[in-house]
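Asks: Got a structure here, written out as structure tokens. Questions coming.
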Amino acid sequence: MGLARPVSRSVRLNGFATCLRLERIYWEILERIALANECTVNALLSYVDREVHLRHGGVKNFSGLVRVVCVTYLMGRDRTSSVTLDGCAASINRI
């Protein structure tokens, strides 16, 4: 049950401080994505936030989008040996 426990973290999205609440498993997946892209979780989340604003004018449920990005990353890993931020952009394109 520990992986399903919600965890709130303060994050900076393109310079703006906010709080994001996700289940622990999603924070762990975000850490893997950031590591694969040689960036921080904050930088990764800022990238997702910026891309969704540029492509779609924003999103009402950012935490839901982050969960979709995480699942898409895991699904893509099954098909390729490496997944980059382009995979995040592909997730954003599908919304």
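What follows draws every value from the coordinates through simple rules; no lab data is involved. The model shown is predicted, which means the values in this text are computed figures rather than measured ones. Here Cβ is always computed from backbone atoms with ideal geometry, including for glycine, and neighbour counts include all displayed protein chains.
Asks: In segment 19-42, what count of residues is obtained for those that are more than 16 Å from Leu74 (Cβ to Cβ), in contact with a Pro (Cβ under 9 Å, 6 or more places away or on another chain) and without any contact (Cβ under 8 Å) to a residue 24 or more places away in the chain?
Replies: Residues that pass the stated criteria total 0.
Asks: Continuing with the same structure: Take segment 35-64 and flag every residue that is among the β-branched types (Val, Ile, Thr) and more than 12 Å from the chain's Cα centre (by Cα).
Replies: Taking segment 35-64 first, the residues among the β-branched types (Val, Ile, Thr) are 40-41, 48, 52, 59.
Val59 - this is the single residue of segment 35-64 that is among the β-branched types (Val, Ile, Thr) and more than 12 Å from the chain's Cα centre (by Cα).
Asks: Looking only at segment 53-77, filter to residues that are over 19 Å from Ser10 (Cα atoms) and in contact (Cβ under 8 Å) with a residue 40 or more places away in the chain; which one of those is surrounded by the fewest Cβ atoms within 10 Å (Cβ to Cβ)?
Replies: Across segment 53-77, the extreme among qualifying residues is Leu74.
Asks: I need the full set of residues from segment 8-52 which are surrounded by fewer than 15 Cβ atoms within 10 Å (Cβ to Cβ), of a type outside the set (D, E, K, R) and part of a strand (DSSP E or B), in order please.
Replies: The answer is Ser8, Ser10, Phe16, Ala17, Thr18, Cys19.
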